[in-house]
Amino acid sequence: MTARLSKLAGELRRRPRAFWLFVGAAALLVAATLLLFAAAPEPRRVAAAGEQSTAAPVRALALRPRPMQRETRSSGVVEPRRRVSLLSETRGRVLRVGAAELDSVAEGQLLLQVDPLLAEVAVERGQAAVARAESQLALARDARTRFQRLAERDVASAARLDQAVNDARVAEANLREARANLSEARSQLRKKKLRAPFAGVLQRFPVEAGEFLREGDLAAELLDLETVRIELGVSDREVVALKVGQPVRAELDAYPGEIFEAEVLRVGAAADPASRRFPVEIEFDNPGRRLLPGMVARVTLQLGAPEPMRAIPRDAAIDEFGVRFVYLLRREGGRDIVRRQPVEVRDIPFRPGQVEVVSGLRDGERIAVGGIRALRDGAAVRIEAEAELEAMVETEAARAALGAPEPPRATPAAAGSGGS
């Protein structure tokens with residue numbers, strides 16, 4: 001290469017005209033280059049893909065303790081206060097019935113009557129036996145009194161007096177036996193009529209007139225619906241916050257949008273060995289018998305007094321490969337930016353749209369909420385408004401009431417796309 005340049009320079013020296021033409025062309029090229037640089041517009045910096053000229057709009061939520069009521073919700077099946085199976089205590093043919101299946105009956109109302117003929121005969125015999133025993137007792141007492149007087153005069157022997165005393169005792173025993181038999185006969189006569197022990201509804205009444213009943217046959221199943229009950233199971237952390245008599249709210253699918261008031265009737269003192277849950281019994285007044293056995297109710301139990309919690313929207317805490325973080329709002333270089341801040345959160349029972357901040361943030365710090373899916377660490381943002389958690393909770397409740405789906409939660413892949 002050096003040899004070629006030396007050769008070219010030697011030829012240019014031997015040809016002066018070509019040499020000067022080459023120098024002129026080089027000078028013109030340099031001048032044109034300088035002229036183009038001078039006329040070119042001022043260079044501008046091209047923004048990267050994530051640094052757009054317009055900052056992303058977000059809302060700011062200030063972290064502070066807010067009083068929140070701890071609650072637990074559970075579902076249960078409505079049951080009657082009492083469910084009694086009425087069995088036949090006698091035998092015989094049914095003469096008549098006083099109600100039908102699914103009827104409402106009053107306390108003491110006649111449900112059925114069994115043929116009482118044999119029982120009435122037994123009562124008559126019992127009454128006759130009592131009368132006979134009373135007469136025999138009167139004679140025995142008179143004889144005893146007479147022989148006692150004769151014995152005092154040494155007219156009657158002591159053995160005869162003892163016999164008279166014994167006859168009186170036997171007569172008294174016979175009278176007691178006759179009276180017991182009469183009571184039994186009268187009881188059997190009363191059992192020929194089956195009456196409702198309380199006001200309620202006949203869930204089952206499989207008896208018809210003319211049917212023959214035996215002892216132990218099912219005659220009716222009676223439900224007491226003046227009040228109804230639901231039994232729930234709660235955990236050990238929840239049962240200690242419940243007390244008898246505290247108010248309870250319940251909703252039923254059968255009555256959408258209606259809230260029913262109830263109270264805690266009983267709190268179990270021991271957990272069920274199988275489920276490890278403590279039984280809690282809830283009682284509802286049931287005017288008009290609107291609540292029927294078998295209906296499903298969703299019960300809300302308040303656990304103690306309201307407690308301060310540092311709650312944030314669940315969507316504000318992004319989960320990236322098992323690590324939770326929020327976008328903390330900072331003021332740097334005269335603009336609002338976001339910084340990733342790792343946090344520890346835990347679920348708030350039965351508040352699916354919120355989580356409680358355990359650590360990682362201080363009271364008063366502000367985080368970005370709403371439209372944070374495409375943000376990255378250090379990105380500039382535009383704060384549109386100060387968010388209120390209470391308003392966001394109302395929006396969440398309205399969305400749930402309308403049946404609208406919740407906003408999609410962040411997946412690791414989606415969260416990772418903005419954190420590089």
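The values are calculated or read from the model by the stated rules, or taken from the named source; none is laboratory data. A quick note: this is a predicted structure, and the numbers were derived from the prediction, not measured. Every residue, glycine among them, receives a Cβ derived from its backbone with ideal geometry; neighbour counts consider all protein chains shown. Note: accessible area is taken over every heavy atom of the protein model, side chains too, but ligands, DNA and RNA are not part of it. Shrake-Rupley method; radii C 1.70, N 1.55, O 1.52, S 1.80 Å.
Note on the range 309-354: residues that are assigned to a loop (DSSP other than H, G, I, E, B), open to solvent by 30 Å² or more (accessible area, probe 1.4 Å) and either within 19 Å of PRO57 (Cα to Cα) or β-branched (Val, Ile, Thr) (or both) amount to 2. With the structure loaded, tell me whether GLY245 is more than 30 Å from PRO116 (Cβ to Cβ), out of contact with any helix residue (DSSP H, G or I) (no Cβ under 9 Å at 6 or more places or on another chain) and among the small types (Gly, Ala, Ser) or whether it fails that test. So GLY245 fits the description; yes. Just one of the numbered conditions (1) hydrophobic (A, V, I, L, M, F, W, C); (2) surrounded by 16 or more Cβ atoms within 10 Å (Cβ to Cβ); (3) under 33 Å from the mean Cα position of the chain (by Cα) is not true of VAL77: (2). The selection criterion, being in a helix (DSSP H, G or I) and closer than 30 Å to ARG81 by Cα, does not hold for SER183. When SER135, SER74 are screened for being in contact (Cβ under 8 Å) with a residue 12 or more places away in the chain and among the polar types (S, T, N, Q), only SER74 passes.
Scanning the range 203-217 for residues that are within 45 Å of the chain's Cα centre (by Cα) and either open to solvent by 70 Å² or more (accessible area, probe 1.4 Å) or modelled with pLDDT of 95 or more (or both) yields GLN203, ARG204, GLU208, ARG214, GLU215. Selection of the range 256-268 for residues being surrounded by 13 or more Cβ atoms within 10 Å (Cβ to Cβ) and over 23 Å from SER235 (Cα atoms) yields only PHE260.
Do we find a residue being in contact (Cβ under 8 Å) with a residue 60 or more places away in the chain, within 26 Å of PRO80 (Cα to Cα) and open to solvent by 70 Å² or more (accessible area, probe 1.4 Å) anywhere in the range 280-294? The answer is yes, given that some residue of the range 280-294 is in contact (Cβ under 8 Å) with a residue 60 or more places away in the chain, within 26 Å of PRO80 (Cα to Cα) and open to solvent by 70 Å² or more (accessible area, probe 1.4 Å).
For ARG276, the conditions (1) part of a strand (DSSP E or B); (2) open to solvent by 50 Å² or more (accessible area, probe 1.4 Å); (3) of a type in the set (D, E, K, R) are fulfilled apart from (1). Of the residues making up the range 365-386, none is aliphatic (A, V, I, L, M), at pLDDT below 90, within 27 Å of SER74 (Cβ to Cβ) and loosely packed, with under 13 Cβ neighbours inside 10 Å. Restricting ASP236, ASP319, ASP253 to residues that are among the acidic types (Asp, Glu), without any contact (Cβ under 8 Å) to a residue 60 or more places away in the chain, farther than 30 Å from GLN203 by Cα and in contact with a strand residue (DSSP E or B) (Cβ under 9 Å, 6 or more places away or on another chain) narrows the list to ASP236.
Yes or no, residue by residue, for (1) surrounded by fewer than 12 Cβ atoms within 10 Å (Cβ to Cβ); (2) basic (Lys, Arg); (3) touching an Asp or Glu at 6+ places or on another chain (Cβ under 7 Å):
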position: GLN127; (1), (2), (3): no, no, no
position: ALA143; (1), (2), (3): no, no, yes
position: GLU152; (1), (2), (3): yes, no, no
position: ASP162; (1), (2), (3): no, no, no
position: ARG169; (1), (2), (3): no, yes, no
position: LEU175; (1), (2), (3): no, no, yes
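Please enumerate the residues belonging to the range 95-108 that are in contact (Cβ under 8 Å) with a residue 40 or more places away in the chain, open to solvent by less than 60 Å² (accessible area, probe 1.4 Å) and in contact with a strand residue (DSSP E or B) (Cβ under 7 Å, 6 or more places away or on another chain). Matches in the range 95-108: VAL97, ALA99, VAL105, GLY108. Looking across the range 177-194, just one residue is surrounded by fewer than 15 Cβ atoms within 10 Å (Cβ to Cβ) and aliphatic (A, V, I, L, M), and that is ALA180.
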